[in-house]
1. 5 Å is the cut-off here: which amide hydrogens, built 1.01 Å from N in the peptide plane, fall below it relative to HIS46, excluding neighbours closer than 5 in sequence?
2. Please list, in chain and number order, the residues 5+ apart from GLU61 or on another chain whose amide H is under 5 Å from its amide H, with Hs placed from the backbone.
3. Take the Cα gyration tensor of the stretch 15-121, multiply each eigenvalue by 5, square-root it, and list the three semi-axes largest first, rounded to whole angstrom.
4. Using a 1.4 angstrom probe on the protein heavy atoms only, could you order PHE96, PHE63 from most to least accessible area?
5. What is the total of Lys pairs in the stretch 20-130 with C-alpha atoms under 21 Å apart, excluding same-chain pairs fewer than 8 positions apart?
6. If I take every Cα pair under 8 Å that is 6 or more residues apart in the stretch 20-130, average their sequence separation and divide by the length, what percent do I get for the relative contact order?
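The values are calculated or read from the model by the stated rules, or taken from the named source; none is laboratory data. Please read all numbers here as calculations on a predicted model, not as lab measurements. Surface areas here come from the heavy atoms of the whole protein model, side chains and all, with no ligands, DNA or RNA. Shrake-Rupley method; radii C 1.70, N 1.55, O 1.52, S 1.80 Å.
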Amino acid sequence: MIDKISNWIKGKLNRHNEKANPSDLRLITALHEAAHVVCAYLSKFHYLIGNVCLTSDLTGETFVTLSKSKLIVEGKAEMPGIENDCDVAIDAAIIFYAGFEAEKVYSHKSGISPDKSHSMNDYNYVDQLIVD
């Protein structure tokens, strides 16, 4: 009985260290971009422009910009440098971080390890927001 339990635990631990297969990668990329879309739609200051682009199994792009109407509703005048406003930058950071958060949720439910390397461009954008 102890051997059965031990083997079951080893199997569970090994499953959590598995890499995503190609079909998972396509789904993870789509979920990543979808999270950006949902957060941009629900954001206080941003909206989507253009189409979401899934360029390969591992990369995609969601194009987001500031929304004049949302800025007005939130009492933020559209002016040069508004993207450096703390509230606006936080709003953008949430949109950027949402992609990897969606990957983490999927990976956790699928028993695979999330790979942050596919989201480094999002993290780099947030780093630049902080610098600015």
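1. For HIS46, whose amide H was placed from the backbone, the distant partners under 5 Å are SER67.
2. CYS53, LEU54, THR55
3. Over the Cα atoms of the stretch 15-121, the ellipsoid semi-axes are 31, 13, 10 Å.
4. The residues order as PHE63, PHE96, largest area first.
5. 5
6. 29 percent
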